[in-house]
Amino acid sequence: MRLSRYFLPTLKETPNEAQIPSHRLMLRAGMIRQEAAGIYAWLPLGFKVLRNIERIVREEQNRAGAVEMLIPTIQPAQLWRESGRYEAYGKEMLRITDRHSREMLYGPTNEEMITSIFHSYCRSYKDLPKLLYHIQWKFRDEVRPRFGVMRGREFLMKDTYSFDLDEAAARRSYNRMFIAYLNTFARMGLQAVPMRAETGPIGGDLSHEFIILAQTGESAVFCHKDLVDMAPPGDVDFDGDLQPLVDARTALYAATEDVHDEAAFAAIPQHKRLSARGIEVGQVFYFGTKYSAPMGATVSHPDGSEKPVHMGSYGIGVSRIAGALIEAGHDEDGIIWPVQVAPFKAGIINLRHGDAATDAACEQALAALEGTGIETLYDDSEDRAGTKFSRMDLIGLPWQLIIGPRGLKEGTVEVKERATGARSSLPLEAALARLEAACAGPA
Ligand code: 5CA
């Protein structure tokens, strides 16, 4: 992609409404634009990141045995009256009236609708278990939308719902998601710690939040330090017994502020106690029959009895992760994307636009990189070198290829790794091979 054709409206000034680095950098790097409080347009660079996050989330859901579908954003209020949540949800719910005066709402979550869909088709233990998900926009009229996409009013969520015969089976579904979440966040280069959490308006008595430690996080959290260095489960058999893997993580103390137990925390050896702030990137819930009982979503058991199906729900804040990744990866010059989610894996800087040899070498590099599937942004603008350097650092592409007449005379170009700032001069062919090797491998 040539910058001259792209749409990358970067800002020189730091917008003063932004209080945390990720919000500032997303605005400055031309990733998002605020359209109303807590509502953002995703500009091309931001949208690419969002799609990359979504792809990793989807692949890991599919690997864990969940099945993707898509349900609407607008729902009839009637469904929520059946579960008893219509009034209970309060002002956070955006209520809409259509031309026929029918009460509708913009879904803040989807337990009711998925329960209704499930029950229209599945009536027997033979239909179980089911694990269904979608990736869809939500709306919550938050009291204090802030920190950009971290706490938006409109935001993109992956929500999965499990349907099982009884509590024991429902816990197996819970475990699947628990393990899938650890792998999902690890693939994005994030270390997420599962912590016991409050269930809030979703309900139930078993819940974990997945927390990324960050000074700017909204939640106060407390945990055993060993959890922070634990390796992700990796390639596991999702049909096997996942309980030991879950137990290894839940045996150590970890809780969010709302359910924090001072005495249990004090029992951890002092040097292993971690009291920190964190960003909640996902949450899993087991709530049994909270929705299925009032909504009459029963299934027949092998003994002929009819009982409400046992359910859980499992959310990931897809759009919030874009911000969380920046909180976890930036420096004073800008964003530092991990290769797996980077909007482009490489950027080419042309140091002398109009110089025939430099232009030709840049074109050759662009064709070669894109030919091997490495998405590349070529800064072919007439801006001065300093502007190009700072823009490329700001948008945080993992690799930069810097090409100019002086180097070319000596037969070299420069490769810069954004994360470390390390630069090396080498012939173009060798530089391309280096980038191909660095960007290859499992994304
Ligand atoms: N139905 C359940 C699970 S599917 C549910 O709604 N869970 S939730 O309320 O915890 O939301 C799931 C995830 O969405 C959260 O972990 C968080 O990462 C993200 N999220 C929640 N509210 C917002 C918000 N206002 N802005 C951005 N992301 C949000």
Excluding residues on the same chain fewer than 8 positions from Lys130, give the lysines whose Cα lies under 27 Å from its Cα. Lys138, Lys158, Lys290, Lys307
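Ranked from highest to lowest mean number of other Cβ atoms within 10 Å per residue, what is the order of the peptides 210-222, 86-98? Don't jump to the answer; show the numbers that get you there.
On the way: 210-222: 19.5, 86-98: 13.5.
Averaged packing, sorted descending, gives the order 210-222, 86-98.
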Taking +1 at the Cβ of each Lys and Arg and -1 at the Cβ of each Asp and Glu, which of Gly396, Asn350, Ala170 sits farthest along the dipole of the chain towards its positive end, judged by Cα position relative to the Cα centre? Asn350
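With +1 on each Lys and Arg Cβ and -1 on each Asp and Glu Cβ, how big is the dipole of segment 353-409 about its Cα centre, in debye rounded to the nearest 20? Intermediate results must be reported in sequence, preceding the final value.
Numbers: 5 positive and 10 negative charges, 60 e Å.
Using only the charged Cβ atoms, the result is roughly 280 debye.
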Segment 365-443 versus segment 44-93: alpha-carbon centroid distance in Å: 38
What ³J(HN,Hα) values, in whole Hz, does the Karplus curve 6.51 cos²θ - 1.76 cosθ + 1.60 give for segment 161-177 when θ = phi - 60°, with x put for Gly and Pro? 10, 10, 10, 9, 6, 8, 5, 4, 5, 5, 5, 5, 5, 4, 5, 4, 5
Ala169/Glu257 FRET efficiency (R0 25 Å; Cβ-Cβ; nearest 0.05): 0.20
With point charges of +1 on the Cβ of Lys and Arg and -1 on the Cβ of Asp and Glu, referenced to the Cα centre of segment 151-270, which listed residue (Phe222, Gln243, Ala264) lies farthest in the positive direction of the dipole? Phe222
Placed amide H near Gly217: partners under 5 Å, 5+ positions off or other chain: Gly278
Using alpha carbon centroids, what distance separates segment 1-24 and segment 182-217, in Å? 29
Would you kindly state how much longer the chain becomes between Ala264 and Val143 on full extension, computed as 0.36 nm times their sequence separation minus their alpha carbon distance, in nm to one decimal? 40.3 nm
Mind checking the log10 I(q)/I(0) for the chain at q = 0.06, 0.10, 0.12 Å⁻¹? Debye, one equal scatterer per Cα, no solvent, two decimals. -0.30, -0.78, -1.04
Restricting attention to the alpha-carbon atoms of segment 314-354, what are Rg (one decimal) and Dmax (integer), both in Å? 14.3, 54
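How high is the FRET efficiency from Ala77 to Ser4, r the C-beta distance, R0 45 Å, rounded to 0.05?
Details: r = 50 Å, r/R0 = 1.10.
Computed FRET efficiency for Ala77 and Ser4: 0.35.
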Candidate lysines for bridging to Lys409, where Cα separation is under 25 Å - those fewer than 8 sequence places away on the same chain excluded: Lys388
Rank by packing, highest mean first: peptides 284-294, 383-393, 422-432, with packing defined as the count of other Cβ atoms within 10 Å averaged across residues. 284-294, 383-393, 422-432
Enumerate the lysines that Lys272 could reach by cross-link, defined here as Cα to Cα under 20 Å, with residues fewer than 8 away along the same chain left out. Lys225
Run the dipole for segment 66-141 about the Cα centre, Lys and Arg Cβ at +1, Asp and Glu Cβ at -1, nothing else charged, and hand back the magnitude in debye, nearest 20. 80
For the pair Lys12/Arg55, report the inter-label distance in nm, with labels modelled 7 Å from Cα in the Cβ direction. 3.5
Between rounded, prolate and oblate, where does segment 18-96 land on the alpha carbon gyration tensor, with a ≥ b ≥ c its root eigenvalues, rounded for a/c under 1.5, else prolate if a/b exceeds b/c? oblate
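So how many Å³ per residue does the convex hull of the Cα atoms of segment 51-132 work out to?
On the way: hull volume 10.8 nm³, N = 82.
Convex hull of Cα atoms, per residue: 132 Å³.
So how strong a dipole does the chain carry about its Cα centre when Lys and Arg Cβ are +1 and Asp and Glu Cβ are -1, to the nearest 20 debye? Please list the in-between numbers first.
Details: 51 positive and 59 negative charges, 148 e Å.
Using only the charged Cβ atoms, the result is roughly 720 debye.
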Using 0.36 nm per residue, how much length does the chain from His301 to Ser425 gain when fully extended, once their Cα-Cα distance is taken away? 37.7 nm
Note, segment 283-295: 3J(HN,Hα) by Karplus (6.51, -1.76, 1.60, θ = phi - 60°), whole Hz, Gly/Pro = x, goes 8, 10, 9, 10, 10, x, 10, 4, 9, 5, 5, x, 8
Can you classify segment 1-55 as rounded, prolate or oblate using the Cα gyration tensor, where a ≥ b ≥ c are the square roots of its eigenvalues, rounded means a/c under 1.5, and otherwise it's prolate if a/b beats b/c and oblate if not? oblate
Using the Karplus curve 6.51 cos²θ - 1.76 cosθ + 1.60 with θ = phi - 60°, work out ³J(HN,Hα) for each residue of segment 89-95 in order, rounded to whole Hz, and write x for Gly and Pro. 5, x, 6, 5, 8, 8, 9
In whole angstrom, how far apart do the alpha carbon centroids of segment 121-145 and segment 293-316 sit? 14
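Any number yet on Rg/Rh for segment 108-234, C-alpha, Kirkwood?
Working: Rg = 16.5 Å, Rh = 16.9 Å.
Checking Rg against Rh, the ratio lands at 0.98.
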Helical contribution to [θ] at 222 nm, DSSP H n ≥ 4, -39,500 (n - 2.57), averaged over the chain, rounded to 500: -9500 deg cm²/dmol
Honestly segment 1-156 on the Cα gyration tensor test (a ≥ b ≥ c root eigenvalues; a/c under 1.5 rounded, otherwise a/b vs b/c for prolate or oblate) is just oblate
Taking springs between alpha-carbon atoms closer than 10 angstrom, which of Glu54, Glu257, Glu209 fluctuates most in the Gaussian network model of the chain? Glu257
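Defining a contact as two alpha carbons under 8 Å apart and six or more residues distant in sequence, what relative contact order in percent does the chain show? Spell out each step's value before the answer.
Values: 878 pairs, mean separation 73.4, N = 443.
Contact order relative to length: 17 percent.
Coordinate-derived values only; no laboratory data. Just so it is clear, the model here is predicted, and its values are computed rather than measured. Please note: Cβ atoms are built from the backbone with ideal geometry, for glycine as well, and neighbour counts cover all protein chains shown.
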